[in-house]
Each structure stands twice: as C-alpha cells, then as structure tokens.
Amino acid sequence: MYERMLNKHTAPDVEEMTAYCGQSGELFTLLNNWLYDHYATEQKIVFPYGNQYGWGIAHKRKKKLVCNIFAENHSFTVMLRLSNRQFELAYGDVQEYTQKYIDKKYPCGDGGWIHYRVTSKEHLADIEKLLAVKCS
C-alpha cells in the first residue's frame, strides 16, 4: 500500500496519476485545482529526486517551488518546506495528525520539510492551511 509511481522511463499524465491514487484521486484533483485557482501555481509533472520519490506534480509560483505532490497507491503525499514561524502560525489550527508531521519535520535552516500523506478530507483541509501559510 502507498507505493509510488517509480518507473522513470514512462511519464504518466495527470489522469493516470489521479487513477493511481484510487479512493484519494478526487482529493488529489481537488488539491491540484485549489493550488492553481487560489495561487496561480504553474504545474509540471516531474520525477525530481530519484527512485524513492517517483512521479509527482511540482507546483511553482514565480519560479519558486511551493510543493511537490507525489501520487501513491490509494493516497498521495505532499512534500513542502516551511519556516519555523510558518509552522507555528498553522500549528494550533490543524489536527493532531498534522501536528505530528510538524513535530517530526526534517530540519532545514530556519524550518524544515514535511512529507504529508493525504487520505481524507480532513487531511486535505489541513494541508491547504499549511500551503496557504506558505503562499501568503
């Protein structure tokens, strides 16, 4: 479960990525559309970081990476970096599930990276909150 699309020789299209997400495919589409509609992100299908990450959609604003969304079997994972201040701004407004990801972030400079798995509408709402903090 949660295997990623790892065949780097065959690039999927958005429809194939959505189908791969299974029951989370609708959430995958909602998040990609939400980023485009609210923040005018440029979307590009990428195989960015090697065989462990697989295929995903990179969202950029003004050539700066907002996040990567990696399709997984029956889910998807959003990889994003925030400053400690940005994490603090959102922390009290998200579920315990999300707070655990923040607590275990991979440190990087003044902040860190999280790899946030989305499997429900509640998770989608929380990742939108984190992305809103990043984009504002």
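Any read-out appearing in this document is the output of simple, stated calculations on the displayed coordinates, not a laboratory observation. Since this is a predicted model, take the numbers as computed values, not measurements. All Cβ positions, even for glycine, are placed from backbone atoms using ideal geometry, and neighbour counts span all protein chains on display.
With a simple spin-label model that places each label point 7 Å from the Cα along the Cα-to-Cβ direction, the separation between ASN73 and LYS121 comes to 2.8 nm. Summarising the amide proton neighbourhood of GLY54: residues at separation of 5 or more, or on other chains, whose placed amide H is nearer than 5 Å comprise TYR49. A cut-off under 14 angstrom between Cβ atoms defines the neighbours of PHE28, and their net charge, with Lys, Arg +1 and Asp, Glu -1, is -3. Label-to-label distance for ASN7 and TYR39 is 3.2 nm, based on points extended 7 Å past Cα in the beta-carbon direction. Taking only alpha carbon atoms, the range 76-136 gives an Rg to Rh ratio of 0.91, where Rh is the Kirkwood radius. Note on the chain: helix-only mean residue ellipticity at 222 nm, from DSSP H runs of 4+ residues weighted -39500 (n - 2.57) and normalised by residue number, equals -11500 deg cm²/dmol.
Across the cross-link table entries LYS8/LYS100; LYS100/LYS134; LYS8/LYS104; LYS105/LYS129; LYS62/LYS134, which are compared at the Cα atoms, the separations over 24 Å belong to LYS8/LYS100; LYS8/LYS104. Within the shell defined by Cβ-Cβ distances under 13 Å, the residues around ILE127 carry a net charge of 0, with Lys and Arg each +1 and Asp and Glu each -1. Within the chain, the longest segment free of exposed loop sites, counting trypsin sites (Lys or Arg not before Pro) that fall outside DSSP classes H, G, I, E and B and have at most 15 other Cβ atoms within 10 Å, spans 9-61. Derived scalar couplings between HN and Hα for the range 128-136 equal 5, 4, 5, 5, 5, 5, 5, 8, 8 Hz in order, rounded to whole Hz, by the Karplus curve 6.51 cos²θ - 1.76 cosθ + 1.60 (θ = phi - 60°), x for Gly and Pro. For the range 17-136, the relative contact order works out to 24 percent when only alpha carbon pairs closer than 8 Å and six or more residues apart are counted. Near ASP93, once Lys and Arg are set to +1 and Asp and Glu to -1 for all other residues with Cβ below 13 Å from its Cβ, the sum equals -4. Match the structure shown to one of the listed values (1) -0.65, -0.99, -1.73; (2) -0.59, -0.90, -1.62; (3) -0.59, -0.89, -1.48 of log10 I(q)/I(0) by the Debye sum over Cα atoms at q = 0.14, 0.17, 0.22 Å⁻¹, computed from it, and give that label. Computing log10 I(q)/I(0) by the Debye sum over Cα atoms at q = 0.14, 0.17, 0.22 Å⁻¹ and matching it to (1) -0.65, -0.99, -1.73; (2) -0.59, -0.90, -1.62; (3) -0.59, -0.89, -1.48 gives (3).
Annotation: extensible slack from LYS129 through GLN23 equals 36.0 nm (criterion: 0.36 nm per residue apart, minus Cα-Cα distance). Against the chain, whose longest principal axis is taken from its Cα atoms, helix 25-39 shows a tilt of about 60°.
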